[in-house]
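Read the structure below first, then the notes.
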Amino acid sequence: MAASAEIISKPIASAISLRWIISARDDVIWFIGSVVSSYALLVLYVSGLVPLVPMVAAWAILIDAPHVFGTFSRTYFDRTERTNRARLLWGSLLFFAIGPALVLAGFGLVFFFVAALWAYYHLVKQHYGFMVLYKKKNGDLARIDNVLDRGLLLFAFNYPFVEFIARDPDAMVRVPALLRGGVNGFAKLLLAGTILFFVVWVGRQVQRAIVGEPLNVPKYLLLAAAIPMHWIVLLTPMPNKPIAIVAILTIYHNFQYHRLIWFHNQKYANARQKYGAAELISRRVIYYIAFGVLFGVIYQGPRQLLNNLGHSSITYLGISFLWGYAFIHYYLDSKIWRVRRDPSISKALNI
């Protein structure tokens, strides 16, 4: 009987791949299961239990801004990074000037529209990044799978976003007039692409199972958590939707990122002389939280006040300047997590 059980268990074990970024427990809680935070915020807001302004302000100061600070903790506050990436880091500060310059030139609507697109793209890019990490961890790197995974992810995340813009008058007003006529058609194109990629993608997973190729379960769990949440949040009617969904969608992204940063920053342990302030920030969880919230007060405190002061050129200039923090975060994130190009990242993430 024991021999039979062993024979049966071997094909089952080889049929699936379960290699995690940190561990099964940490990944399921922080990278996959933390999607519950978005659903919780959605229910609390749609049911009227949490008002818009307190919800957005608390999220922005206590959760979102600290995750931006997480990027700064391993770049500007890391002595070696300041040396090795000096041009990248100091050059990125120019993002503070872009918004005010465009607002003063009369392109404020275009600036805020592009900023919103980049913000959403950043969310999608992080999900893509986690998917790639799971693909690397689990040896899921066949060309056909790379194409299908990327295509499914891009179409499945972008369709509900464009459909939301097409349905919501407040969102459509924020779109430059030249582009408004094509939003509905673009949404239909993205939906058709999503359906096509999903059918082919599912067929490929069935083929993998039939031929005995390991099935990448962590990747499946990530996609199953992230994609439906975006569809549900973006297609659910709610008041002040363009503002509310920013917090509801992003809180999942925030918790994922905080855990990844904390995992990465363990390389600073007992390395004060080499890394400088980054070691102090990451020495204790409470230090990381305290510094992050302090940054949140400095960054998002003024921004939340400006958002509630009404429409004026001064308000737009202030908000466009503060967008610089987010832009720097988006831009640096696209550069500092390249596992193949930076051996130190592979080492820190155990890849």
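The values are calculated or read from the model by the stated rules, or taken from the named source; none is laboratory data. None of these values were measured; they are calculated from a predicted model. Quick reminder, even Gly has a Cβ in these numbers, built from the backbone with ideal geometry, and neighbours come from all protein chains shown. With ligands, DNA and RNA removed, areas are computed over all heavy atoms of the protein, side chains included. Shrake-Rupley method; radii C 1.70, N 1.55, O 1.52, S 1.80 Å.
Before moving on, here are some points about what is shown:
- With respect to the conditions (1) buried (at least 18 other Cβ atoms within 10 Å of the Cβ); (2) part of a helix (DSSP H, G or I); (3) in contact (Cβ under 8 Å) with a residue 24 or more places away in the chain, residue 165 lacks only one, and its number is (3).
- The residue list 251, 243, 227, 210 contains one member that is within 27 Å of residue 115 (Cβ to Cβ), open to solvent by 40 Å² or more (accessible area, probe 1.4 Å), assigned to a helix (DSSP H, G or I) and of a type in the set (Val, Ile, Thr), which is 243.
- Members of the stretch 298-331 that are open to solvent by 20 Å² or more (accessible area, probe 1.4 Å), under 14 Å from residue 99 (Cβ atoms) and hydroxyl-bearing (Ser, Thr, Tyr): 313, 316, 325, 330, 331
- Test: residue 193 is over 22 Å from residue 107 (Cβ atoms), open to solvent by less than 90 Å² (accessible area, probe 1.4 Å), more than 25 Å from the chain's Cα centre (by Cα) and not charged (D, E, K, R): no
- When the residues of the stretch 332-349 are filtered to those that are free of Cβ contacts under 8 Å to residues at least 40 places away in the same chain and in a loop (DSSP other than H, G, I, E, B), the one that is most open to solvent (accessible area, probe 1.4 Å) is 340.
- Residue among 152, 104 that is closer than 24 Å to residue 307 by Cβ and touching a residue at least 12 places away in the same chain (Cβ under 8 Å): 104
- Only a single criterion out of (1) of a type in the set (Gly, Ala, Ser); (2) surrounded by fewer than 17 Cβ atoms within 10 Å (Cβ to Cβ); (3) under 30 Å from residue 165 (Cβ atoms) is not satisfied by residue 271, namely (3).
- Qualifying residue in the stretch 21-44 (condition: assigned to a helix (DSSP H, G or I), open to solvent by 60 Å² or more (accessible area, probe 1.4 Å), at pLDDT below 95 and not charged (D, E, K, R)): no
- For the stretch 168-189, a residue qualifies if it is in contact (Cβ under 8 Å) with a residue 40 or more places away in the chain, under 19 Å from residue 123 (Cβ atoms) and assigned to a helix (DSSP H, G or I), and exactly one does: 171.
- Meets criteria (in a helix (DSSP H, G or I) and at pLDDT below 95) for residue 300: no
- Filter result (open to solvent by 10 Å² or more (accessible area, probe 1.4 Å) and part of a loop (DSSP other than H, G, I, E, B)) within the stretch 121-158: 138, 139, 141, 142
- Some residue of the stretch 87-103 being of a type in the set (D, E, K, R) and touching a helix residue (DSSP H, G or I) at 6+ places or on another chain (Cβ under 8 Å): no
- Candidates 323, 262 - the one that is in contact (Cβ under 8 Å) with a residue 12 or more places away in the chain, under 22 Å from residue 26 (Cβ atoms) and in a helix (DSSP H, G or I): 262
- Residue that is surrounded by the fewest Cβ atoms within 10 Å (Cβ to Cβ) [pool: residues in the stretch 56-110 that are touching a Leu at 6+ places or on another chain (Cβ under 8 Å) and not in a helix (DSSP H, G or I)]: 76
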